[in-house]
Amino acid sequence: MTAKTYKKLIVNKLAANFQSAIEVIEIPIPEPLPNEILICNKFAGVNAGFDTLVCRGDISYIQLTPPFDLGVEAVGEVVAVGSDVKHLQIGDSVVTIQRGGGYREYQCVDANIAFKVPEATPEVLTLMPTGVSALVALEQVGEMKSNEVVLVTAAAGGTGHIAVQLAKLAGNRVIGTCSSEAKAQLLKELGCERAINYRSEDLNQVLKKEYPNGVNLIFDCVGKSIFDVCVENLAVRGRLVVIGFISEYGNKFEEVTQPRIYHQLFWKAASVRGFLMPHYQEYATEARERLLNLFYEKKLKVVVDPTEFKGIESIPNAVEYMLNSQNCGKVVVRY
Ligand SMILES: NC(=O)c1ccc[n+]([C@@H]2O[C@H](COP(=O)([O-])OP(=O)(O)OC[C@H]3O[C@@H](n4cnc5c(N)ncnc54)[C@H](OP(=O)(O)O)[C@@H]3O)[C@@H](O)[C@H]2O)c1
C-alpha cells in the first residue's frame, strides 16, 4: 500500500443544508489494532435523507457534536489485518454498516462488524442496509400478507424498488409512485401492476378510481401531501408504514392544522406505524441472508443509479441529486 493519507467528509457545524455543514479533510491512514482490519472503501451508499437530518441535528436518537464523520454503508477491500484477526485476510471484499464509515476512503474497524462478500460491487449496498430496511419494515411493521394491494412511494428509489419486488414476491398487487416516465417504466419491469407518475397524474384521483376498496399496505418514503393522500386511501384494516418523509428533509417541517388523524383511522380500523431500522436490529441478520439469496438466485433485481459520483468531493452533488428526485435506484459514490 503506497498511500499514506486519505480523504473523508466530516460535519464541521450543524446547518440547514448538507453543503453548508460539511468539509473534506485529509488525514493519515491509520494502522489496524490487533482486533481490527483496515479497509480501502470502493463504494459507499448515499442516504440523502438521513445525511441531511444528521447535518441539521434533527435526528433525536443521535446526539452528535461537530466535528463528526458521515456516511453509513460501504463496500471495500481489506488492505491490512490486525494480529488477532483470523477470519479475514488481505484482499477480501467486505461490507460495513456503521455511522461514520461511509464517506471516507479508508477505515479501520473491528473485524467482527465486517461482512465478507464475494465481490466489492455497489449492488450489495442496495441489499444491505437499504433492502434490509425494506424487508423488515414490510414484514415486521406492515405485517405484509399475500393477495393484498400494496402501495410503495418513491418506488423507483433505493429502498422503494426493493420494497416493490418483495411485495410482489409475497404475492401482492403492487402500485408504485414516482416522478418520471422513465421511473414508471422501471416500476412496470419490476412488477408493479400500476405505476403512478404523480407529476402527470393525480395520485388521489387514480387511487379513488382504480382502487375503490382502498390500499391494504402502504410503504411511504415521501411524506407531506403524499402521506395525506395515502392515509385517505387506506383500506379497512389498512396499515401505513412511515418509512421516512424525504419531501420535508430539505426544508423546515411543515406545520399543519387539521382534525386529528384518529378521525381518519378509527372508522376504517386502519393504522399508521413508524419504522426505524435501529429499533428492529434483531431482524437484520436473517433479512440480510434472505436478500442475498434472492439476489444470487436472480429473484431480486438490484438497481444502482447509473450517474457516476466519483470521489469524496462528489458526495454533496449526490445528496442534491436525490433530494431533487433525479435518482433511479440506489445512489452510490465510487472512490
Ligand atoms: N426508517 C428507516 O429505517 C429507513 C431506512 C432507509 C431509508 N429510509 C427512508 O426511505 C426513504 C427513501 O430513502 P432512499 O435512501 O432509498 O432514497 P431514494 O428513494 O433512493 O431517493 C429519494 C427519492 O425520494 C423522492 N423524493 C425526493 N425528494 C422528494 C420531494 N421533495 N418530494 C417528493 N419526493 C421526493 C424521489 O423519488 P420520486 O421519483 O418518487 O419523486 C427520489 O428519487 C427516505 O425517506 C429515507 O429516509 C428509512
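Descriptive notes on the structure:
- Rounded FRET efficiency, nearest 0.05, which uses the C-beta distance separating S60 from K4 and R0 of 30 Å: 0.15
- 26 Å Cα-Cα threshold exceeded, pairs from K224/K301; K145/K188; K116/K183; K86/K310; K7/K252; K7/K330: K224/K301; K116/K183; K86/K310; K7/K252
- Calculated [222 nm] ellipticity per residue, helices only, for the chain: -7000 deg cm²/dmol; basis is -39500 (n - 2.57) per DSSP H run with n ≥ 4, divided by all residues, nearest 500.
- Using the average count of surrounding beta-carbon atoms within 10 Å as a protection proxy, the listed peptides 310-319, 83-92 rank, highest first, as 310-319, 83-92.
- Percent of Cα pairs exceeding the 11 Å cut-off, where the set is region 278-320: 74
- Packing rank of 282-290, 130-138, 326-334, 256-264, where each peptide gets the mean count of other beta carbons within 10 Å, highest leading: 130-138, 326-334, 282-290, 256-264
- Per the Cα gyration tensor, region 197-335 maps to an equivalent ellipsoid with semi-axes of 30, 21, 16 Å, ordered largest to smallest.
- Cα centroid separation - region 240-289 against region 170-218, whole Å: 19
- Net charge dipole, region 85-193: roughly 100 debye, given to the nearest 20, about the Cα centre with Cβ charges of +1 for Lys and Arg and -1 for Asp and Glu.
- Here the extension length gained between F266 and N317 equals 14.0 nm, from 0.36 nm per residue of separation less the Cα-Cα distance.
- Sorted from greatest to least, the principal axis extents spanned by the alpha carbons of region 18-88 come out as 40, 26, 22 Å.
- Normalised by residue number, the volume inside the convex hull of the Cα atoms of the chain is 132 Å³ per residue.
- Each of L166, S314, F253 was placed along the dipole of the chain (beta-carbon charges, centred on the mean Cα), and the one lying farthest toward the positive end is L166.
- Under 17 Å from the Cα of K298 - aspartates and glutamates, other chains or at least 8 residues apart: E119, E123, E189, E289
- Within region 128-279, the ratio Rg/Rh, alpha carbon atoms throughout and Rh by Kirkwood, equals 0.93.
- Calculated FRET efficiency for the pair N251/T307, C-beta based, R₀ 35 Å, to 0.05: 0.90
- The stretch between E181 and E210 holds 8.5 nm of extra length on full extension. This uses 0.36 nm per residue minus the Cα-Cα distance.
- Here each label is just a point 7 Å from Cα along the line to Cβ, and for L14 and I113 those points are 2.3 nm apart.
- Selection from V231, S271, L207, by position along the positive dipole direction of region 128-279 (Cβ): S271
The numbers here are math on the coordinates, done by the rules we state, and not lab data. Quick caveat, the model's predicted, so the values are computed rather than measured. For neighbour counting, all protein chains shown are included, and Cβ atoms are generated from backbone atoms with ideal geometry for every residue, glycine included.
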